[in-house]
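Encoded as C-alpha cells, the structure appears first; notes follow it.
The values are calculated or read from the model by the stated rules, or taken from the named source; none is laboratory data. Worth saying up front: this structure is predicted, and the values here are computed from it rather than measured. Every residue, glycine as well, gets a Cβ built from its backbone with ideal geometry; the counts of neighbours run over all protein chains shown.
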Amino acid sequence: MTKSTTRFVQIPSELSSVAVLGAADAGLREVEHAFPEADITVRGKDVQIVARSARADEDAAKAEYAFRRMIDAAYEQPMDAYEVRRMLERDILHNDEHNVRINRIGHDGGVLGSSFPANAYAANSVASRSENEFSRNDSDLLPSSEEAHRRAMSRRARMSKGVITFAGGIPVRAKTAGQTAYVQAMDAHIVTFGIGPAGTGKTYLAVAKAVRALEDGRVRRIVLTRPAVEAGENLGFLPGTLNDKVDPYLRPLYDALSDMLGSTQLKRYLDENIVEVAPLAYMRGRTLNDAFVILDEAQNATVQQLKMFLTRLGFNTTMVITGDSTQVDLAVPRSGLVSIEKILGEVRDIAFVHLQAEDVVRHALVGRIVEAYENYDAMLERKKRERTKEFTERNNG
C-alpha cells in the first residue's frame, strides 16, 4: 500500500488569499485542473496538497511549485485565471527539462534546493494538521449591491499596480509587452491606433481604459462605434428598428461593457446617454467633448469615414481606433486604416501601436493560426518579389 504524503504552502500574511488564488479561487481552479491526481484543499491562507500514490506525488510536487510561483508573482500584481494558466503552460506543463523538486526546510529557515526567497512563503511537509488551525472569512468579498461592488472594484483598480479595471471581479490589465505599450500609448496620447490581429485585446483594453476614465471622473461619457459592414449588406434594407439592425455589429462592444460595468449599471448608463454605442455613420456632424471615444473594426472604414471620425475630436476627449488591416470586409472602397499611418504617423499626440501574434491572449491555437497566416503572407510576398526580379532580369537580358 502506497503511503500518502501531505504538503502545505502558506500564503504570507502581507498577501491576501484573493491576490494569490484569484477572485472566486479562479487561479486555484486552474491548478486543480492541471494536476487532477493531487488532492488540494485551501483553508484561509493555508494550502494543503495530499498525494495518495506515486503518480499523485508527482502532481502534488508540481502543484506545490505552482502555488509558490503564484505567491511570488502576487507580490507584483494580483493573480487571475489567465495569469495562472499562462504560468502553468509556460513554466511547468510544457517544460520537459524542468524538474520540480520536493523542497525541505533547512535549519536556518531557508528552503533548500529552491530558487525562491525564504521570506516569500513558508512550506512544511507534514503528515497532518489540525482542522481548527484553518479559518476563512470571505464576507468582505460579498458586496451588498452591484453598484457597491463596482465602486469597490474601481477603488481596487486604483490601488493595484497595472490593473485598469475589473471584469466580473477579475483584474483587467496588459498581459504582454505589446499590450503594455498599447496601454501606455493611450495614457500618453490624445489619439491612439491599436493595429493587430484578432485576440490581441485591442478592443477590450480600450474599453477598459474608457471605463476607468469614466469611473475616475476624467470624462463624462463613453462613445463606442464601428462601421456596420457585413457581407455587403446595407442597414437600410434590413428589417426592424435601428437597434435591431445594429445590435449584431455592436454586440462585442456591449459584451465588453457588460463585463466591466455589470448589466444593471450598463443599462442605466445607456438610458442616461452616459454610454453610447452607435454605427460610425451616426458620428457625422457631431463634436465629441469630455468623452472617451473608441472606433472598433476600423479596417472597414473608408478613407473618408476615418477622416470624418477623427475630425469629431472635441475638448478633453481621448480617441482610440482599433483594427486589423488583414481583415478588411470592404468590397470596393479603399480601407482608410491601410494608409492612415503614412498620413498621420508624424502628427504630434497621435500614436500607432502594432500588436503581433505573440500578443494574442485567447486560446494558444489562435496565436498559432495568426502566425501561420503571417508566414503564408510573407511567403507570397517573397515569391512576388522573386517573380518581379526574374521578369526584370529577363527583359534587361
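So the values come out like this:
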| item | result |
| --- | --- |
| All positions within the range 71-94 that are over 16 Å from Asp359 (Cα atoms), among the hydrophobic types (A, V, I, L, M, F, W, C), in a helix (DSSP H, G or I) and at pLDDT 85 or above | Ile71, Ala73, Ala74, Ala81, Val84, Leu88 |
| Top-ranked residue of the range 263-298 - restricted to ones that are in contact with a Pro (Cβ under 9 Å, 6 or more places away or on another chain) and of a type outside the set (D, E, K, R), ranked as surrounded by the fewest Cβ atoms within 10 Å (Cβ to Cβ) | Ala281 |
| Where Lys383 falls short, out of the listed (1) in a loop (DSSP other than H, G, I, E, B); (2) modelled with pLDDT under 90 | (1) |
| Residue that is surrounded by the fewest Cβ atoms within 10 Å (Cβ to Cβ), among those in the range 29-87 that are under 16 Å from Ser17 (Cα atoms) and among the hydroxyl-bearing types (Ser, Thr, Tyr) | Thr41 |
| Count of the range 61-76 residues which are more than 11 Å from Val31 (Cβ to Cβ) and not charged (D, E, K, R) | 5 |
| Pick from the range 158-190, criterion farther than 23 Å from Val360 by Cα and surrounded by 14 or more Cβ atoms within 10 Å (Cβ to Cβ), ranking: modelled with the lowest pLDDT | Ser160 |
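Condition check ((1) over 23 Å from the mean Cα position of the chain (by Cα); (2) not in a helix (DSSP H, G or I)) across all residues:
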| residue | (1), (2) |
| --- | --- |
| Arg268 | yes, no |
| Ala278 | yes, yes |
| Arg286 | yes, yes |
| Ile294 | no, yes |
| Lys307 | yes, no |
| Asn316 | yes, yes |
| Ile321 | no, yes |
| Gln327 | no, yes |
